[in-house]
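Quick notes on the structure that follows.
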Amino acid sequence: MSQENVKVARALFEAWNAGDMSAAGEMFDHDVMWRPAEGWPEPGPFVGREAVMRFMGQLRDTWDADALQPIGDFIVAADHVFVRFAWRGVGHGPESNMEFTGVLTVRRNRIVFVEFFWDHAEALETLGLSE
């Protein structure tokens, strides 16, 4: 099961980088909850696939081009997948080069919860893990 959850997380990154928001949307549970990192301009949480997809669309529209690049391993803990990544964007908005850790909760091959952290150690601590 854990490797299936990693496949789902990797597929979300691939869909984002390919600009395939339809494929990304199919990975989310109907009742998904998305919680941005603390201090993010749109604090959320965003609840439901439609709300999450609207939020993701706004993020995509901020730059002419952007990409998510894992900068660490995908770490599995029960039904959670942790991944540290860089989000780089260029274009009509300010140039972006941010690092986050995302925690995706995957059940029955659907993402049911997504939470982002600026601090990797804090993300791991949410489930009692350490670096």
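The numbers here are math on the coordinates, done by the rules we state, and not lab data. Please read these numbers as outputs of a predicted model, since none were measured by experiment. Here the Cβ is made from the backbone with ideal geometry for all residues, glycine too, and neighbour counts use every protein chain on show.
Data overview
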{"read-out": "Rough spin-label spacing in nm, given labels placed 7 Å along Cα→Cβ, for E38 and V8", "value": "2.7"}
{"read-out": "Net lengthening on full extension, E95/F55 (0.36 nm per residue, minus Cα-Cα)", "value": "12.5 nm"}
{"read-out": "Of the GluC sites (Glu not before Pro) in segment 24-124, those whose Cβ has at most 13 other Cβ within 10 Å and which sit in DSSP loop", "value": "E38, E95"}
{"read-out": "Radius 9 Å from Cβ of A123, net charge of other residues (Lys, Arg +1; Asp, Glu -1)", "value": "-3"}
{"read-out": "Radius 11 Å from Cβ of H92, net charge of other residues (Lys, Arg +1; Asp, Glu -1)", "value": "-3"}
{"read-out": "Relative contact order %, segment 62-131, counting alpha carbon pairs below 8 Å whose residues are six or more apart", "value": "24"}
{"read-out": "Separation between Cα centres of segment 37-82 and segment 99-131, rounded to whole Å", "value": "11"}
{"read-out": "Percentage relative contact order, the chain, counting C-alpha pairs under 8 Å, at least six apart", "value": "24"}
